[in-house]
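Note sheet for the following structure.
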Amino acid sequence: MAAYHQALSLADTLEAPAASVHHNLGLALHHQGKLTEAIEEFKQAVQLDPNYVEAEDNLKKVQQQLKKQR
């Protein structure tokens, strides 16, 4: 995870597409079962790029998954 956080810092510095970095971090967190953290990363991706359909879809999917677990 440290590498993803470092990538976020670099993305901000280099004006890289930070939305995709947040999305990828969300995917990694989801894969690890860290649903709450994944949701936050997907939200960041969507906030940075409201047209990021894949991030929006993954956000909804993980939110539903978390809801089922409760």
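The values are calculated or read from the model by the stated rules, or taken from the named source; none is laboratory data. As the structure is a prediction and not an experimental result, all values here were calculated from the model. Backbone-built Cβ (ideal geometry, glycine too); neighbour counts: all protein chains shown.
Could you check the range 44-56 and list, in sequence order, the residues that are closer than 24 Å to Gln69 by Cα and out of contact with any helix residue (DSSP H, G or I) (no Cβ under 6 Å at 6 or more places or on another chain)? Of everything in the range 44-56, just one residue is closer than 24 Å to Gln69 by Cα and out of contact with any helix residue (DSSP H, G or I) (no Cβ under 6 Å at 6 or more places or on another chain), namely Glu54.
Residues that are among the acidic types (Asp, Glu) and surrounded by 17 or more Cβ atoms within 10 Å (Cβ to Cβ) were ranked within the range 41-55; the one that is nearest to Ala2 (Cα to Cα) is Glu41.
All conditions in (1) modelled with pLDDT of 95 or more; (2) surrounded by fewer than 21 Cβ atoms within 10 Å (Cβ to Cβ) hold for Lys68, with the sole exception of (1). Contact map, the range 7-26: first residue crowded, with 18+ Cβ neighbours inside 10 Å, second residue modelled with pLDDT under 60, Cβ cut-off under 8 Å, separation 6 or more or different chains; pairs are Ala18/Ala11; Ala18/Asp12; Val21/Ala11.
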